[in-house]
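The values are calculated or read from the model by the stated rules, or taken from the named source; none is laboratory data. Not measured: the values here are computed from a predicted model. Neighbour counts are summed over all protein chains in view; Cβ atoms, including those assigned to glycine, are modelled from backbone coordinates with ideal geometry. Note: accessible area is taken over every heavy atom of the protein model, side chains too, but ligands, DNA and RNA are not part of it. Shrake-Rupley method; radii C 1.70, N 1.55, O 1.52, S 1.80 Å.
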Amino acid sequence: MIKSRVLVFIFYCLIVDSIFAQTFNLGRFSIGESRVQVKLEDFFIHHDSPLVTSRWNPSSVQWIRNENNLLVPRALLKIYINKNQALVHLNYQNKAIIPVKKKNYVETEIYVDLFNPETIFVFEGKTLLDKIVVEAHAPKDALSKQLIDYSCLPYNLKLMGLDNEYLSVGCKMNRLGTLGSETPRLEITFSSTNIRTVNDTKPPFTVYLEDNSLVEMKVKGINEDEKTIKLQALIPDRLYRLKTSFGFGPYIYESKQSSATQNANIAPSLMIYGKYDLNDTASFRAFDALLYSKTFFNNSGLYFSYDLASALDGRVFINALLGFQGLHYRYSKSDPTVFRLIYPQGFEVIYKHAFIENYNLIYGMFLSTNSESYTNAWLRYGKSNFLELNYIKWGHDKSEIKMWGLSFGIPLFGAF
């Protein structure tokens, strides 16, 4: 029975993973969530030949996370060429694009990265007919069009000097050194439509930060005007794989032993949590929940956790919790202590930056995989400090306990 339920749970997790992968990914890109609005009328299309016309598809704007882990907008550019010949083709991003023949012209539609638009070359045979160039004219509220990705928020990233440009910035934290002495290396990537380096290198640009040093960079705009970009972030001194915290708070419980019952008793509780990161998507987790009053109840567990799927551009995660628990129960001081080794399996749904930046909302649950009654559900909100609502119910033979309450969590220490 235990094996069959575990297999059903794993099968369900794989189905969820497959659905999310197909729903939220587009080849090497994934659909992203943006907090800014892009107006296509701010992006002007320049070309010289009267034989070539183009326009934006107004309903085609998508925010994607590209191969550089950068969240950028793209839109479809419809291109018409007043030629009815098989020699016509376009060169774009090292690809030869063949337009579709219509009555007396040919046409095609190309996705263009609005924050890093590359030139589109139109050829008739070996003859260059036209070059299509996209230029951004930022509106007066340009600062509201600058996207600092959620991946940068934990590091209080500041990028100055591009106040009048569309901008996207993304971050990725890497580890340097050996286990037990790992240090951070923050990879910052940014892109802007009109910006180039002084030697005409186009974005995206990447900066590697290992401390809080200020970075300065000279760039030039569309009109060759020179600007100075300044970038700074708060980087921790160490990266710890092991993180611990503890929680405490009042709980209400009901307990039973044979025909004896204790109802609606209030008791203090102590919770201890530990997490050891194996990599970005997998970890070992441990917990211990203690309630001690007229009834003694101690519930501890060790689990392997791994990410099953993500949505909303990585703001929502679903992970599985696979492991076991030890449980001690004593109805009263005059009763013997019952010990049970149980195997409930669980999951968590994590919503990052919920309501407030850097604050996470987490719902989790453990469910029994055999005939022994056990439920453990929690709702947590916060960051390093957090509030947690918790409900635990267990029953075996003639013993039973239900407890629910509110605890306040505080970081304890980090190591390794």
Practice problem: Note down the accessible area of Ile410, probe 1.4 Å, to the nearest 10 Å². | Solution: 50 Å²
Practice problem: Return the sequence-ordered ³J(HN,Hα) values of the range 399-409 in whole Hz as given by the Karplus equation 6.51 cos²θ - 1.76 cosθ + 1.60 applied to θ = phi - 60°, using x for Gly and Pro. | Solution: 9, 7, 8, 10, 9, 8, x, 10, 10, 10, x
Quiz item: Between Arg55 and Glu107, 0.36 nm times their residue separation minus their Cα-Cα distance comes to what?
Solution: 17.6 nm
Self-check item: Dipole in debye (nearest 20) - the chain, about Cα centre, beta carbon charges: Lys, Arg +1; Asp, Glu -1
Solution: 880 debye
Exercise. May I ask you to evaluate 6.51 cos²θ - 1.76 cosθ + 1.60, the Karplus curve with θ = phi - 60°, for each residue of the range 332-339 and list the ³J(HN,Hα) values in order in whole Hz, giving x for glycine and proline?
Key: 8, 4, 7, 9, x, 7, 9, 10
Quiz item: Amide H to amide H, which residues 5 or more places from Asn358 or on other chains are under 5 Å from it, using H placed in the peptide plane?
Solution: His353
Self-check item: Principal axis dimensions, the chain - Cα atoms, whole angstrom, descending
Solution: 96, 50, 40
Self-check item: Rg ratio (alpha-carbon, reference 2.2 N^0.38 Å) - the range 191-242
Solution: 1.48
Quiz prompt | Lys333/Asn279 FRET efficiency (R0 51 Å; Cβ-Cβ; nearest 0.05) | solution = 0.65
Exercise. Mind jotting down the distance between the C-alpha centroids of the range 347-398 and the range 169-225, whole Å?
Key: 38 Å
Practice problem: Select from Leu327, Leu87, Leu341 the residue whose mean-square fluctuation is largest in a Gaussian network model of the chain (Cα-Cα springs shorter than 10 Å). | Solution: Leu87
Quiz item: What is the range 66-121's relative contact order, in percent, from Cα pairs under 8 angstrom and six or more apart in sequence?
Solution: 44 percent
Self-check item: Where trypsin sites (Lys or Arg not before Pro) fall in DSSP loop in the range 94-178, at most 12 other Cβ within 10 Å
Solution: Lys102, Lys103, Lys126, Lys140
Quiz item: Each residue of the range 113-128 in turn: what ³J(HN,Hα) in whole Hz from Karplus with 6.51, -1.76, 1.60 and θ = phi - 60°, glycine and Pro shown as x?
Solution: 6, 5, 8, 8, x, 8, 5, 9, 9, 10, 10, 10, x, 8, 8, 7
Exercise. Using Cα centres only, tell me the gap between the range 85-131 and the range 278-332 in whole Å.
Key: 55 Å
Self-check item: Cα centre as origin, Lys/Arg/Asp/Glu Cβ charges: the range 81-180 dipole, Debye
Solution: 320 debye
Quiz item: Expressed as an acute angle from 0 to 90° and rounded to the nearest 10, what is the orientation of the C-alpha long axis of helix 2-24 relative to the principal long axis of the chain?
Solution: 20 degrees
Exercise. Pick out which of Tyr92, Tyr331, Tyr208 has the largest mean-square fluctuation in a Gaussian network model of the chain, springs linking Cα atoms closer than 10 Å.
Key: Tyr92
Quiz item: In percent, how large is the relative contact order of the range 268-416, given Cα pairs closer than 8 Å and 6 or more residues apart?
Solution: 12 percent
Quiz item: Where does the charge balance sit around Ile350 when Lys and Arg score +1, Asp and Glu -1, over other residues with C-beta under 11 Å from its C-beta?
Solution: +1
